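Written out below as structure tokens is the structure these notes cover.
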Amino acid sequence: MTLLIASLRLGRLVPSHNLTCLTRHLSVKATYKPGDKMTIAGKEYLVDHMNNITPHLLSHVGKNLHLQKHHPLHHISQRIIKYMYGRYLSPRGNPLFSVHTHLHPVVTVHQNFDSLLIPKDHVSRRKSDNFYVNEGQLLRAHTSAHQSELISMGLDNFLVIGDVYRRDEIDSSHYPVFHQVEGVRLFTKSELYGSHQNMEEFQLFAKGEPGSRQPPLHHPDTVQLLETDLKNCLMDLANTLFGKEVEMRWVDAYFPFTHPSWELEVWLNDEWTEMLGCGLIHQQILCNSGVSDKVGWAFGLGLERWAMKLYEIPDIRVFWSTDPGFLTQFTFDDPATPVKFKLVSKCLPCINDISFWIPTESEFEPADFYDLVRDVGGSLIERVHLVDEFTHPRTGLTSHCYRIVYRHMERTLTQEEVNQIHHIIEIQAADTLGVTVR
Ligand code: FA5
Ligand code: MG
């Protein structure tokens, strides 16, 4: 990353006459070429043509905010663990759930997609949506990537907590790196129906076609019991963390790996915000993992969203701040300490638009532009989104206009500072994406 940008992030200013040499430096941006080795969280990987991990993104890997002692993501994950430990106990009074917080973020395409029955042509596999290391490996897009291997290892009740990576748009509740908590709970027939006197009369599965090779479908009673246990678990978690009055609602959803599936939304920053996805684990996944005699549920929640609600943090970028004004607000040992985040200063944003013609012969993806903007502007980028698109009636050329909202977390940026970064983005976009800035 250049001196200019690094200095801006540290809150210092570099005189504008440095701009020419800095932009020249930027245009020979370091990227990995096929055959190169890339070190990710202490492990070396061979890069191929699929690699799209930018240096800026790479600088986030291994930070493990969820493991940093006084970080809000650590506090809230401790509270979720404590809640799950207390809720599900063995007959001897020990917690049923095991907790996995150190699984390496690079996973195989098989783990992230195939093991979860995500079809080969599913849009979620696209290069424009993920950060690939090479053809066979990527930075996990969700903690569900670990479900199958942990179930195969014989685990019935577990949480996975870790960093996940997606080439999403940036706004106050989306960031390309965030943290998820995955919960999985499996039941044998006697665990699910054990409390019924006439357990023999109940069935885990509905009667299928004789001789069918399809995995069995859940019996409607099984669906009912699993759905109730899952939803109560998650609503009680929300009530435990946010209080009894919190407004929430269930929305039907679709995931290839659960059926039925739901999302839980909570009223946050004046809108309904999706806090988690969940559902009953597709029986095929359990059969493939060697446990065809059990049924179960799973959920995946976005830790930042939960922490934003709990601590009233208005912007997801705040979690990456190393500013003492932020971190000292969370310097306490008991994770249950009630605290509401106070914005150190609400610095004003600066908004600049960029318009360009898309090259006719290229497969231009907005995600490539979003990465470029983030790579140049780092944490100064609050939001980048497409505001206008049109095709010229005569030339057939398409133009995109993107709005970039710049905001420093600790001070107000000057228009001149923003113009410098904006100019570098224009040069880089022309250089690396082949667009023609208008
Ligand atoms: C999933 O990732 C599924 N694996 C969840 C799941 C697990 C479903 C197990 C069923 C069974 P989704 O893409 O909706 O689903 O993400 C889950 C949660 O992560 C969201 O509800 C949201 O809270 C959070 N999230 C998603 N994208 C972002 C983002 N860009 N920034 C911050 N949080 C995000
Ligand atoms: Mg979702």
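The values are calculated or read from the model by the stated rules, or taken from the named source; none is laboratory data. Everything numeric here is computed off the predicted structure, so don't read it as measured data. Please note: Cβ atoms are built from the backbone with ideal geometry, for glycine as well, and neighbour counts cover all protein chains shown. Protein only, heavy atoms only, side chains kept; ligands, DNA and RNA dropped before computing areas. Shrake-Rupley method; radii C 1.70, N 1.55, O 1.52, S 1.80 Å.
Could you tell me which residue of segment 266-275 is modelled with the lowest pLDDT, considering only residues that are more than 13 Å from ligand 2 (Cβ to nearest atom) and either on the phi < 0 side of the Ramachandran plot or open to solvent by less than 30 Å² (accessible area, probe 1.4 Å) (or both)? Break it down stepwise before answering.
Pass one, segment 266-275, residues more than 13 Å from ligand 2 (Cβ to nearest atom): 266-271.
Those left that are additionally either on the phi < 0 side of the Ramachandran plot or open to solvent by less than 30 Å² (accessible area, probe 1.4 Å) (or both): 266-268, 271.
Values: Val266: 97, Trp267: 93, Leu268: 88, Glu271: 92.
The qualifying residue modelled with the lowest pLDDT is Leu268.
Within segment 220-228, identify whether any single residue is acidic (Asp, Glu), surrounded by 12 or more Cβ atoms within 10 Å (Cβ to Cβ), more than 16 Å from ligand 1 (Cβ to nearest atom) and over 22 Å from Ser292 (Cβ atoms), and answer yes or no. Give the derivation first.
Just the residues of segment 220-228 that are acidic (Asp, Glu), to begin with: 221, 227.
Cutting the leftovers down to surrounded by 12 or more Cβ atoms within 10 Å (Cβ to Cβ) gives us 221, 227.
Of the ones still in play, those that are also more than 16 Å from ligand 1 (Cβ to nearest atom) are 221.
Adding the requirement that they be over 22 Å from Ser292 (Cβ atoms) leaves none.
No: segment 220-228 contains no residue that is acidic (Asp, Glu), surrounded by 12 or more Cβ atoms within 10 Å (Cβ to Cβ), more than 16 Å from ligand 1 (Cβ to nearest atom) and over 22 Å from Ser292 (Cβ atoms).
Does segment 276-299 contain any residue that is more than 29 Å from Gln203 (Cα to Cα), in contact (Cβ under 8 Å) with a residue 24 or more places away in the chain and crowded, with 21+ Cβ neighbours inside 10 Å? I'd like the intermediate steps shown before the answer.
Within segment 276-299, the first condition is being more than 29 Å from Gln203 (Cα to Cα), and the residues that meet it are 276.
Next cut, in contact (Cβ under 8 Å) with a residue 24 or more places away in the chain only: 276.
Imposing the further condition that a residue be crowded, with 21+ Cβ neighbours inside 10 Å reduces the set to 276.
Yes, segment 276-299 contains at least one residue that is more than 29 Å from Gln203 (Cα to Cα), in contact (Cβ under 8 Å) with a residue 24 or more places away in the chain and crowded, with 21+ Cβ neighbours inside 10 Å.
Could you tell me whether segment 334-343 includes any residue that is modelled with pLDDT of 95 or more and either of a type in the set (Asp, Glu) or within 16 Å of ligand 2 (Cβ to nearest atom) (or both)?
Yes, there is a match, as at least one residue in segment 334-343 is modelled with pLDDT of 95 or more and either of a type in the set (Asp, Glu) or within 16 Å of ligand 2 (Cβ to nearest atom) (or both).
If we scan segment 369-383, do we find a residue that is open to solvent by less than 50 Å² (accessible area, probe 1.4 Å), touching a Pro at 6+ places or on another chain (Cβ under 8 Å), free of Cβ contacts under 8 Å to residues at least 60 places away in the same chain and part of a strand (DSSP E or B)?
no
Please work out which residue is modelled with the highest pLDDT, limiting yourself to segment 344-353 and to residues that are surrounded by fewer than 14 Cβ atoms within 10 Å (Cβ to Cβ) and in contact with a Phe, Trp or Tyr (Cβ under 9 Å, 6 or more places away or on another chain).
Applying the first criterion (surrounded by fewer than 14 Cβ atoms within 10 Å (Cβ to Cβ)) to segment 344-353 yields 345-346, 348, 351, 353.
Right, trim to in contact with a Phe, Trp or Tyr (Cβ under 9 Å, 6 or more places away or on another chain) and you get 351, 353.
Values: Ile351: 93, Asp353: 96.
In this case the residue turns out to be Asp353.
Yes or no: segment 257-265 includes at least one residue that is in contact with a helix residue (DSSP H, G or I) (Cβ under 7 Å, 6 or more places away or on another chain), assigned to a strand (DSSP E or B), within 10 Å of ligand 1 (Cβ to nearest atom) and at negative phi.
yes
Please enumerate the residues belonging to segment 212-263 that are over 22 Å from Thr143 (Cα atoms) and within 16 Å of ligand 2 (Cβ to nearest atom).
Met248, Arg249, listed by residue number.
Let me confirm something: among Glu169, Glu182, which residue is within 13 Å of ligand 1 (Cβ to nearest atom) and more than 28 Å from Met153 (Cα to Cα)? Working first, answer last.
Working: Glu182 fails: more than 28 Å from Met153 (Cα to Cα).
That would be Glu169, the only listed residue that is within 13 Å of ligand 1 (Cβ to nearest atom) and more than 28 Å from Met153 (Cα to Cα).
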